[in-house]
Every structure is written in structure tokens, then in C-alpha cells.
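The values are calculated or read from the model by the stated rules, or taken from the named source; none is laboratory data. Everything quoted here is computed from the prediction, not taken from an experiment. FYI the Cβ positions are ideal-geometry reconstructions off the backbone, even for glycines, and counts take in every protein chain you see.
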Amino acid sequence: MSSTQSDLPAADLLARLHSVQSRILAAAHACGRNPADITLVAVSKTHDKAAIAALIAAGHTVFGENRVQEAAGKFADRPSSVRLHLIGALQTNKAEDAVRLADVIEALDRPSLADAIDRAASRAGRCPDLLVQINTGAEPQKAGIAPDAAPAFITAMRHRFGDKLTGLMCIPPVAQDPVPHFRALAALAASHGLSRLSMGMSADYEAAIACGATSVRVGSAIFGTRLRRTAATA
């Protein structure tokens, strides 16, 4: 039997959202930062439009999706106040759709993708904000540009996209302490005059805030996890 979605009731979603917001506030205060400088990106991948609508009704307006096709099905007709971040590895053949749909693309990591985004932006007459994804752990299975190639790539992207290249993003290795990765990303961004840092997810967003994150990508802590329907429970 195929997998299915088991979304939380709206009241539970809002309670979880408020809990995350409160923890962001506390984490910011703990390190002397202004909470207003930190954006919560609610990662709604695999969750349906009803769950997203509940958060929008409660005033939350920033969401993240991994797949362009899934995002289009949920956000193509979004209210103008709602901003969409594309945070998954982006194929070059999806660049045109991504440019039309997204407010922020957090997955710029190779020259061929830069070429595709540039062409798509010229055709669309718009370019989303762009973040370079850094593979801070140099994991061969993971998207992102390698740390040793990052400085030259960032410089080239700044020349190419100007102020549309706004910052950096990383996803630290699962089995490692994320703090050194967050600090490395912050240092790299500072060395290039970039102030936007997308880092930290449900398990480590408070540590990311302490290291300077300006946006945190939180999914399961808000939406819960997917449940699978089996033959025994169908």
C-alpha cells in the first residue's frame, strides 16, 4: 500500500508553531540578538495545503519546500504576503519553474545551475534571492559546493548576480556536532560581506541562532513526521 499523509489537527500545528517561535525568541535573547533578525522558514515538504493554510491563517508567512513540482501544487496561488524558499537540491531543468515560483532559492551550488538560473531570470524578468549552498562536511552524497571551492564560486556568483546573491546555506552532517559547521559558514559569509545565513533545522536551530543564523528551516518540529499506511492499518 502506498504511503499517505497524517497531518496534525490545526490546533496542534499552531501549538507547535508557537513553541518553536518561543524557543527562537529565547535563543535569540540568550545570545544577545534581536529576534526580529531571525526568520522562521516552516518547511512544509510532504504536508498538504490544509496544514499550510492553518499556519497562514495564524499569521505565519514564510515556507520552505524541497521539490519544485510539489511546491507549485501548493504555492502557485499563494497570497502575496507569503514567501516561498526552495531549499532542496535543484536540477538545472527545473530552474525555469523555480525562478518563476520562488522568492528565495537556497541551493545555488554549481556553475551549470547558475547558468540555468541566469537564463531563466532573463526570460522571466525576475530573479529570486539566491543563497549558495555549502557542503560544509564535504559529503559526497550531499548537494552543495565543496568548502575549498566555495570562496572562488561565491565571488563569481556575486559578480554575476549582484545583490541577488544574498547569503549562504548549509546542512551539517547528521552524525556530527553542527556548531563547527555553523561557525565555518558564518565566517565564510563574513569574509564575502554576506549577512544572510540559512542554517539550523528542527534538531539544532537554537545552536544555529547562537552562531548567527538569520533564518532557520524547521519542519518536523512544526508539522510532525509523515506516517505510512500499511496493509495492516489501511
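Would it be correct to say that residue 62 is of a type in the set (A, V, I, L, M, F, W, C) and under 20 Å from residue 81 (Cα atoms)? Answer is yes for this residue.
Quick grid of which residues meet (1) closer than 24 Å to residue 63 by Cα; (2) free of Cβ contacts under 8 Å to residues at least 24 places away in the same chain; (3) in contact with a Phe, Trp or Tyr (Cβ under 9 Å, 6 or more places away or on another chain):
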site	(1), (2), (3)
125	yes, yes, no
130	yes, no, yes
150	no, no, no
155	no, no, no
178	yes, no, no
192	no, no, no
196	yes, no, no
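Residue under question is residue 105, and the condition is that it be β-branched (Val, Ile, Thr) and touching a Leu at 6+ places or on another chain (Cβ under 7 Å); does it hold? Criteria met by residue 105. Being at pLDDT below 95 and on the phi > 0 side of the Ramachandran plot holds for only one residue in 212, 193, 224, and it is 224. When the test is whether a residue is outside any loop (DSSP other than H, G, I, E, B), among the β-branched types (Val, Ile, Thr), surrounded by fewer than 22 Cβ atoms within 10 Å (Cβ to Cβ) and more than 19 Å from the chain's Cα centre (by Cα), residue 166 does not pass it. The residues listed here are 208, 149, 187, 124; of these, the one that is crowded, with 20+ Cβ neighbours inside 10 Å and of a type outside the set (Asp, Glu) is 208.
If you take the residues in region 27-59 that are in contact (Cβ under 8 Å) with a residue 40 or more places away in the chain and farther than 19 Å from residue 84 by Cα, which one is surrounded by the most Cβ atoms within 10 Å (Cβ to Cβ)? It comes out as 27. Could we say that residue 113 is under 14 Å from residue 154 (Cα atoms), more than 13 Å from the chain's Cα centre (by Cα) and of a type in the set (A, V, I, L, M) here? So residue 113 fits the description; yes. For region 64-97, a residue qualifies if it is buried (at least 17 other Cβ atoms within 10 Å of the Cβ) and either closer than 18 Å to residue 145 by Cβ or of a type in the set (Val, Ile, Thr) (or both), and the qualifying residues are 68, 86, 87, 88, 90, 95. Only a single item in (1) in contact with a Lys or Arg (Cβ under 8 Å, 6 or more places away or on another chain); (2) on the phi > 0 side of the Ramachandran plot is not met by residue 62, and it is number (2).
So for region 106-122 (the condition being closer than 25 Å to residue 209 by Cβ, of a type in the set (Gly, Ala, Ser) and part of a helix (DSSP H, G or I)), does at least one residue qualify? Scanning region 106-122, I find no residue that is closer than 25 Å to residue 209 by Cβ, of a type in the set (Gly, Ala, Ser) and part of a helix (DSSP H, G or I), so the answer is no.
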